[in-house]
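Trainee: Here it is, the structure, as structure tokens.
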Amino acid sequence: MKIGFVVYQGMNLLEFALLYDPLTRIKTMGFDEGLSWDLVSYTLLGEDDRGLELKPTRVGGHLREYDILVIPGGDTARKLCNDEGFIFWLSSGAQVPVRCASGLGVLIAGMGGLLLGARVAAPQNLHAALERVCKSPEDVPFLSDKHCLTCQGGLSALLLSLHLVQRLQGEKIRDLILQRIAGEYAEKGLLIPGGK
């Protein structure tokens with residue numbers, strides 16, 4: 001299984017980390033040695049909204065080779081919606097079996113055709129923009145519909161990634177990863193609603 005984590009200038013590093021860390025722990029904690037991933041970017045530079053650079057492992061090319069595509073949000077997402085080259089590149093991932101987007105990443109995923117026919121989690125202020133690129137935007141923290149997993153961003157990105165871990169590896173592995181991430185807070189249910 002191969003994951004493509006989309007990185008771009010102006011992305012939100014917190015959302016990226018909350019998506020990246022639990023999913024890559026599937027391999028680093030020894031649950032699936034066959035899991036691999038790339039940091040994929042349309043340009044040579046992937047930089048967060050505060051200037052921290054992430055070096056892409058793959059620039060350009062088609063995204064269809066991935067089993068899972070993960071798109072974090074970021075303040076520049078609105079601007080990227082008007083970047084025809086970026087949107088065309090992203091649209092090459094429209095047939096990826098599992099497509100995930102967080103926060104404003106939902107907007108660029110929608111513009112790239114990755115959310116067609118799916119209900120998506122999005123804040124109210126994005127609903128008008130999303131109505132033409134998905135089945136229906138909903139004001140909920142997280143949604144899993146068909147092949148699309150979306151969340152409103154921020155800490156709900158952790159809900160998305162943990163849900164995907166459970167979908168791929170089961171509840172027990174999800175709980176072990178959550179425990180490693182959050183330690184005793186997770187055991188007492190203090191960090192994640194419903195956490196153990």
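Trainee: Looking at 33, 15, 53, can you tell me which residue is of a type in the set (Asp, Glu) and closer than 22 Å to residue 182 by Cβ?
Mentor: One residue alone meets the criteria, 15.
Trainee: Specify which of the listed residues (94, 109) is closer than 26 Å to residue 163 by Cα, modelled with pLDDT of 95 or more and in a loop (DSSP other than H, G, I, E, B).
Mentor: Only one candidate passes the filter, namely 94.
Trainee: If a residue has to be among the charged types (D, E, K, R) and more than 19 Å from residue 175 (Cα to Cα) to count, how many in region 1-53 make the cut?
Mentor: 8
Trainee: If you check every pair at least six apart or on different chains, which have Cβ atoms under 8 Å apart with a residue in region 93-116 that is on the phi > 0 side of the Ramachandran plot first and a residue that is of a type in the set (Val, Ile, Thr) second?
Mentor: Listed by first residue and then by second, the contacts come to 113/133.
Trainee: Here's a check for you: in region 85-113, which residue that is in contact with a His (Cβ under 9 Å, 6 or more places away or on another chain) and hydrophobic (A, V, I, L, M, F, W, C) is nearest to residue 139 (Cα to Cα)?
Mentor: 98
Trainee: I want to confirm something. Restricting to region 130-139 and keeping residues that are among the hydrophobic types (A, V, I, L, M, F, W, C) and either in contact (Cβ under 8 Å) with a residue 24 or more places away in the chain or out of contact with any Leu (no Cβ under 7 Å at 6 or more places or on another chain) (or both), which single residue is surrounded by the most Cβ atoms within 10 Å (Cβ to Cβ)?
Mentor: 134
Trainee: Go through region 34-77 and count every residue that is part of a loop (DSSP other than H, G, I, E, B), free of Cβ contacts under 8 Å to residues at least 40 places away in the same chain and either under 11 Å from residue 2 (Cα atoms) or among the aromatic types (Phe, Trp, Tyr) (or both).
Mentor: 3
Trainee: Continuing with this model, one more query. Select, from 126, 158, 115, the only residue that is surrounded by 24 or more Cβ atoms within 10 Å (Cβ to Cβ) and assigned to a helix (DSSP H, G or I).
Mentor: Sole residue among the options that is surrounded by 24 or more Cβ atoms within 10 Å (Cβ to Cβ) and assigned to a helix (DSSP H, G or I): 158.
Trainee: Please determine, by comparing only the residues of region 168-178 that are in a helix (DSSP H, G or I) and without any contact (Cβ under 8 Å) to a residue 12 or more places away in the chain, which one is nearest to residue 144 (Cα to Cα).
Mentor: Checked region 168-178; the qualifying residue nearest to residue 144 (Cα to Cα) is 171.
Trainee: Identify, from the list 57, 76, the residue that is more than 24 Å from residue 152 (Cβ to Cβ) and either in contact with a strand residue (DSSP E or B) (Cβ under 6 Å, 6 or more places away or on another chain) or not aromatic (Phe, Trp, Tyr) (or both).
Mentor: One residue alone meets the criteria, 57.
Trainee: Same structure again: Scanning for something acidic (Asp, Glu) and buried (at least 19 other Cβ atoms within 10 Å of the Cβ), does region 83-92 turn up at least one residue?
Mentor: no
Trainee: OK, next. Does region 23-34 contain any residue that is of a type in the set (Ser, Thr, Tyr), on the phi < 0 side of the Ramachandran plot, crowded, with 19+ Cβ neighbours inside 10 Å and touching a strand residue (DSSP E or B) at 6+ places or on another chain (Cβ under 7 Å)?
Mentor: no
Trainee: Could you look through region 49-95, keep only residues that are touching a Lys or Arg at 6+ places or on another chain (Cβ under 9 Å) and hydrophobic (A, V, I, L, M, F, W, C), and pick out the one that is farthest from residue 149 (Cα to Cα)?
Mentor: My answer is 94.
The values are calculated or read from the model by the stated rules, or taken from the named source; none is laboratory data. Fair warning: this is a prediction, and the values are worked out from it, not measured in the lab. Positions of Cβ are generated from backbone atoms using ideal geometry, with glycine treated the same way; all protein chains shown enter the neighbour counts.
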